[in-house]
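This report refers to the structure that appears directly beneath it.
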Amino acid sequence: MTNLKVLHIVTDYPDHTNYNHTKAVKNLLVATQNEIKHEVIALRRLKKAKIVYERFNEYIYFQTPSFPFGFFHISTSFLYAVILSNILRKECIQFDIIHAHKLTIDGLVAFFLSKITGVKYVLSIRADTDLKFINNKPFSRWLFRKVYKNANHIFWVSAWAKNTINSKLKYKAVNESNLANIVTAKSSSYEFLDKKIVISNRFIFVGRLESAEKKGLLDLIKVMRFYPKLSLDIYGPSTSLINEKILKYIKDNNVETQINLMGSLSKEELISKYKSYSALLMPSQNETFGMVYAEALLNCLPILCCEKSGIDGYLEGSQYFKKVTFGDLEGIKKCIQQFDENQYKIKSQLINDRINGLLDIFETNNIKKNYISRLENAQENI
């Protein structure tokens, strides 16, 4: 045990309000809880003119007012840091380092809190939110640059955003590393990988159907008509109204016999079906990380995603990881054809790379080990 005490400031932490659905940060904390003492500030900005502070067993809930169009973003971040410093002092909460889980929101609070307490901080960058703030608030970039530059370490969750953010903030971080989100579902272990490769004419899409357009599902539906011998099974939570709209879209594109709405399954049930598919197709726009991609690869299912989205930046040069520009129908068609025509070769390469450890970047033990090591180095360099 390192005895390292980490204060996390995170706006997307699963809390009692049910405003958030992703468990990416929580998965990381649970995986490292035996080695690190975690204290979590679940920061929640709402359009309510009041500040709320409540302590729960696993975290401190800190609700703050959110002003329209991000007005007063810098000044309110400073105010919240002052309030938090007083709360932490009164409750005698000690910490060796601060981990802010977004550059442009949590990072500002961490930056000011660091100035007040003298404790240094590290940053995670989740580019969907961070790029929106950087692009939409040009007059705040001087401070975003300062927050970025003064961090003791940068964790790239969205590795694809590295060059863009370096360019916009005119600075390249010295101490940086990729930090994949932890996949909690059980994946195929090396010794039990099925060497009998299943050749299939079926493809799979996994995602929330309410985000069908953003996830690239509508583009997939359009493209399937060019491959009448292939089919697409769609898995994900939905509503009857959304299903009706998607079914109409399927009918309008004359692919009713090729596309199936399969509903939702548990993660374990879903993953058990992966081996019967040719590839996972989800050309999603601005996907922060996309845990479904990592789950698929760890279970030897090739994937299609978008450039500058998802796990782009983690893997390059492999046949089983294909990427297109969002909305590029010709690119999607080409990738589907390659998956179909070269299925045995592609899946063989994926299985071999899985066995040889090339996908260990997505394994929990590897992520955990690297995260702890980076934090220790960052704390020692204070």
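Every number in this text was worked out from the coordinates using simple rules, so none of it is lab data. As the structure is a prediction and not an experimental result, all values here were calculated from the model. FYI the Cβ positions are ideal-geometry reconstructions off the backbone, even for glycines, and counts take in every protein chain you see.
A few notes on this one:
- Under 12 Å from K186, Cα to Cα: aspartates and glutamates that are on another chain or at least 8 residues apart: E268, E269, E295, E363
- Along its first, second and third principal axes, ordered by size, segment 20-63 spans 39, 20, 12 Å in Cα coordinates.
- Lysines with Cα under 23 Å of K48, excluding same-chain neighbours fewer than 8 positions away: K102, K132, K137
- Where labels lie 7 Å past Cα in the beta-carbon direction, separation of K146 and Y19 in nm: 2.6
- Taking the fewest neighbouring Cβ atoms within 10 Å as the starting point, the ordered list for H8, H73, H99, H16 is H16, H73, H8, H99.
- Shape analysis of segment 190-362 based on the Cα gyration tensor places the equivalent ellipsoid semi-axes at 25, 16, 16 Å, largest first.
- Unit Cα scatterers, Debye sum, segment 195-234: log10 I(q)/I(0) for q = 0.20, 0.26, 0.28 Å⁻¹: -0.66, -0.90, -0.97
- Listed by chain and number, the lysines placed with their C-alpha closer than 18 angstrom to that of K251 are K222, K229; residues fewer than eight positions away on the same chain are left out.
- For segment 118-276, the relative contact order works out to 18 percent when only alpha carbon pairs closer than 8 Å and six or more residues apart are counted.
- Which of Y235, Y227 has the fewest Cβ neighbours within 10 Å, and the rest in rising order: Y227, Y235
- P(r) weight above 16 Å for segment 1-84, C-alpha pairs, percent: 56
- Mean separation of Cα contacts under 8 Å (6+ apart) over length of segment 303-364, as relative contact order %: 27
- The length gained by stretching the chain between N370 and K115 to full extension, at 0.36 nm per residue less their Cα-Cα distance, is 89.1 nm.
- If the chain linking R202 and I51 were pulled fully straight, counting 0.36 nm for each residue of separation and taking away their Cα-Cα distance, it would gain 49.2 nm.
- Sites K345 and N135, calculated FRET efficiency, Cβ-Cβ separation with R0 51 Å, nearest 0.05: 0.80
- Label-point separation in nm, L79 to S276, each point 7 Å along Cα→Cβ: 5.7
- Base-10 log of normalised Debye intensity for the chain (one unit scatterer per alpha-carbon) at q = 0.08, 0.12 Å⁻¹: -0.45, -0.96
- Based on C-alpha pairs under 8 angstrom that are at least 6 apart in sequence, segment 190-362 has a relative contact order of 24 percent.
- If R0 equals 41 Å, the separation of the Cβ atoms of E269 and K172 corresponds to a calculated FRET efficiency of about 0.40.
- Of K273/K308; K162/K308; K215/K345; K23/K47, pairs whose Cα-Cα distance is over 19 Å: K273/K308; K215/K345; K23/K47
- Each of I36, T184, S66 was placed along the dipole of the chain (beta-carbon charges, centred on the mean Cα), and the one lying farthest toward the positive end is S66.
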